[in-house]
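Written below as structure tokens is the structure these notes are about.
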Amino acid sequence: MIETDLAFTASPVEPFSWRGLDFFVKRDDLIDSRFSGNKFRKLYSLFKLKKESVKRVVSYGGAQSNAMLSIAYLAAMKGWEFDYYVKSIPTWLENDPTGNLKRALELGMRLHQLGTEEFYDSIESIRSQSLDGDLFIPQGGADPVAIEGVRILASEILEWADGKGLESFCVATPSGTGTTALYLRKSLPENIKVVTTPVVGDEKILRAQWHKLEPDLTIYPDILFMFGKHQFAKPHPAFLQIWNSLKDSGIEFDLVYAPKMWYELEKSYDRLPKPILYLHSGGVSGNVSQLQNYAFRGIGIQ
Ligand SMILES: *Cc1c(COP(=O)(O)O)cnc(C)c1O
């Protein structure tokens, strides 16, 4: 049985000390355990759709995606069908799904594999054949529908800052599609700095994605990119170490996006405006499968 009511209250902000540095963390991970924090924000406007207005949701992306699982919960809550397309996945995963994929399949998601070469062409033809009652959500929820929920997030941040009498400060969040960082930038006044780091691809890809969604903003988020380019979700000893030390400091973050952002924040701490508010976007449900990837590559937890 899927609970269909959601509590729309502001997520809490907590002080957080890590490696001798002071931060605040906005706990969007605590909004609702079913939804990865920023996916909840990005899908927010879809929660308000009437059940009858949609029959089927169609989306695509990674087989362990946080967006995928959040959409699966949304679809299950609404009684919508959900078709999800991935590039071909390994047989072991197909035979014995783990993590987010396992849960999404249990929620009724229909998984389809497409050839890797023609993946995006196939997606385009699936999109163009959408029927009445189909709701098409681009990879990672990178869509203008996301702005409504992110705007509410921005207003919660401003309210928090107001309560503390803060004039200028810094908001940090790692980017996949960059949608969250972009719409935060768009929704917050210019005296607040928005920093991010690309976890998928590099600066160029991130900027291209921003220009696609918002071709003419006056300011875009600031990019921190000391770590350099790294293959998405590929285990790295430094990330595991950061993830562990964050956990030891009291908060479990996701193991795919968060460590790279924290790496950048540690490196750039002195030159960023304070305080720094880190947006915890959830994704902790994916840690099981990501820890398996680390173990598989022989990168252990000390
Ligand atoms: C999806 C996700 C992101 C990236 O969000 P975008 O809006 O795609 O940039 C960052 N952190 C976590 C934990 C996520 O699940």
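Mind checking the full-extension length gain between Phe47 and Tyr269? Use 0.36 nm per residue of separation minus the Cα-Cα distance, one decimal, nm.
76.2 nm
Any idea of the accessible area per residue across region 41-144, 1.4 Å probe, to the nearest Å²? Provide the component values of the computation, followed by the final result.
Values: 4960 Å² over 104 residues.
For region 41-144, the solvent-accessible area averages 48 Å² per residue.
Under the rule of -39500 (n - 2.57) per DSSP H run of 4 or more residues, summed and divided by the residues of the chain, what mean residue ellipticity at 222 nm is obtained, to the nearest 500 deg cm²/dmol?
Helix contribution divided over all residues of the chain: -12000 deg cm²/dmol.
For region 41-144, what class follows from the C-alpha gyration tensor (a ≥ b ≥ c being the square roots of its eigenvalues): rounded when a/c is under 1.5, otherwise prolate if a/b is larger than b/c, else oblate?
On the way: a/c = 1.83, a/b = 1.27, b/c = 1.45.
Here region 41-144 falls in the oblate category.
Counting only protein heavy atoms and using a 1.4 Å probe, what share of the accessible area of region 41-144 belongs to carbon plus sulfur, as a whole percent?
Heavy-atom surface of region 41-144 belonging to carbon and sulfur, 1.4 Å probe: 49 percent.
Using a Förster distance of 22 angstrom, determine the FRET efficiency expected from the C-beta separation of Gln129 and Lys212, and round it to 0.05.
Given R0 = 22 Å and the Cβ-Cβ separation, E is 0.50.
Sorted by average packing, counted as other Cβ atoms within 10 angstrom per residue and highest first, what order do 8-14, 185-191, 62-68 take? Walk me through the numbers on the way to the answer.
Working: 8-14: 14.4, 185-191: 16.4, 62-68: 25.7.
The peptides rank, most packed first, as 62-68, 185-191, 8-14.
Principal axes first, then extents: for the Cα atoms of the chain, list largest minus smallest coordinate on each axis, whole Å, largest first.
50, 45, 39
Which lysines, on any chain, are close to Lys193 with Cα under 27 Å apart, when same-chain ones fewer than 8 places away are left out?
Lys26, Lys39, Lys42, Lys164, Lys204, Lys212, Lys229, Lys247, Lys260, Lys267, Lys274
Run through region 3-53 and list the trypsin sites (Lys or Arg not before Pro) located in a DSSP loop whose Cβ has at most 15 other Cβ atoms within 10 Å.
Passing both the DSSP loop test and the Cβ count: Arg19, Lys48, Lys50.
Per residue of region 265-281, what does 6.51 cos²θ - 1.76 cosθ + 1.60 with θ = phi - 60° give for ³J(HN,Hα)? Whole Hz please, x for Gly and Pro, Karplus curve as stated.
Values, residue by residue: 5, 5, 5, 9, 3, 5, 9, 9, x, 10, x, 9, 9, 8, 8, 7, 8 Hz.
May I ask you to give the solvent-accessible area per residue for region 175-302, in square angstrom, as obtained with a 1.4 angstrom probe? Walk me through the numbers before you get to the answer.
On the way: 5650 Å² over 128 residues.
Value returned for region 175-302: 44 Å² of accessible area per residue.
Taking Cα pairs under 8 Å and at least six residues apart, what relative contact order does the chain come out at, in percent?
RCO, the chain: 22 percent.
Put a dot 7 Å past each Cα toward the Cβ at Leu93 and Glu106; how far apart are the dots in nm?
Simple spin-label model gives 1.9 nm for this pair.
Excluding residues fewer than 8 places away in the same chain, name every one of the lysines whose C-alpha is closer than 17 Å to that of Lys51.
Lys51 reaches Lys78.
Can you work out ³J(HN,Hα) from phi for every residue in region 195-204, in order, using Karplus 6.51 cos²θ - 1.76 cosθ + 1.60 and θ = phi - 60°, giving whole Hz and x for Gly and Pro?
Rounded to whole hertz, the list is 10, 8, 9, x, 9, 9, x, 9, 4, 5.
Can you pull out the GluC sites (Glu not before Pro) in region 1-88 that DSSP calls coil and that have at most 13 other Cβ atoms within 10 Å? Show your work: numbers first, answer last.
On the way: sites: Glu3, Glu52, Glu81; in loops: Glu3.
Sites meeting the loop and neighbour criteria: Glu3.
Placing +1 at every Lys and Arg Cβ and -1 at every Asp and Glu Cβ, with all other atoms neutral, what dipole size does region 104-165 have around its Cα centre, in debye to the nearest 20?
180 debye
Is there a quick way to get the dipole size of region 41-144? I mean about its Cα centre, with the Cβ of Lys and Arg at +1 and of Asp and Glu at -1; what is the value in debye to the nearest 20?
620 debye
For Glu14 and Ala238, what does the FRET efficiency come to when R0 = 25 Å and r is the distance between their Cβ atoms, rounded to the nearest 0.05?
Efficiency, from the Cβ-Cβ distance: 0.50.
Residues of region 137-174 with the amide nitrogen closer than 13 Å to a label point 7 Å from the Cα of Glu81, along Cα-to-Cβ, please.
The answer is none.
The values are calculated or read from the model by the stated rules, or taken from the named source; none is laboratory data. A quick note: this is a predicted structure, and the numbers were derived from the prediction, not measured. Positions of Cβ are generated from backbone atoms using ideal geometry, with glycine treated the same way; all protein chains shown enter the neighbour counts. Side chains are part of the model used for accessible areas, which takes the heavy atoms of the whole protein and leaves out ligands, DNA and RNA. Shrake-Rupley method; radii C 1.70, N 1.55, O 1.52, S 1.80 Å.
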